[in-house]
């Protein structure tokens with residue numbers, strides 16, 4: 001799979017209260033991508049502390065947006 005296959009400018013974010021997970025779905029044309037969501041367990045985020053957890057979640061979005069991936073992370077296919 002190529003990096004360009006997973007890059008997007010659209011996301012759906014849901015917090016699963018039952019499993020205590022933040023789920024980030026990549027969307028293409030408003031539809032959920034066939035790929036599994038990015039999952040952040042609340043317990044993991046709590047262990048990181050609020051600053052590091054916020055950074056981790058924020059980077060989860062930025063790394064999948066083509067322009068921010070290229071401009072901030074110097075990575076593009």
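The values are calculated or read from the model by the stated rules, or taken from the named source; none is laboratory data. Bear in mind the structure is a predicted one, so any value in this text is a computation, not a measurement. Reconstructed Cβ throughout: ideal geometry from the backbone, glycine too, with neighbour counts over all protein chains shown.
Some values worked out for this structure:
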item: Meets criteria (under 13 Å from the mean Cα position of the chain (by Cα), at pLDDT below 95 and assigned to a loop (DSSP other than H, G, I, E, B)) for residue 27; result: no
item: Test: residue in the range 3-12 that is touching a residue at least 60 places away in the same chain (Cβ under 8 Å) and surrounded by 11 or more Cβ atoms within 10 Å (Cβ to Cβ); result: yes
item: Residue count for the range 1-20, restricted to those that are closer than 12 Å to residue 64 by Cα and not in a strand (DSSP E or B); result: 7
item: Number of positions in the range 16-27 that are in contact with a strand residue (DSSP E or B) (Cβ under 7 Å, 6 or more places away or on another chain) and either touching a residue at least 24 places away in the same chain (Cβ under 8 Å) or surrounded by fewer than 12 Cβ atoms within 10 Å (Cβ to Cβ) (or both); result: 3
item: Failed criterion for residue 70 (all others in (1) within 13 Å of the chain's Cα centre (by Cα); (2) under 14 Å from residue 7 (Cα atoms) hold); result: (1)
item: Sole exception among (1) touching a helix residue (DSSP H, G or I) at 6+ places or on another chain (Cβ under 8 Å); (2) touching a residue at least 40 places away in the same chain (Cβ under 8 Å) for residue 56, by number; result: (2)
item: Of all residues making up the range 33-63, the number that are in contact with a strand residue (DSSP E or B) (Cβ under 6 Å, 6 or more places away or on another chain), surrounded by 15 or more Cβ atoms within 10 Å (Cβ to Cβ) and not in a helix (DSSP H, G or I); result: 4
item: Qualifying residue in the range 43-50 (condition: within 9 Å of the chain's Cα centre (by Cα) and more than 14 Å from residue 13 (Cβ to Cβ)); result: no
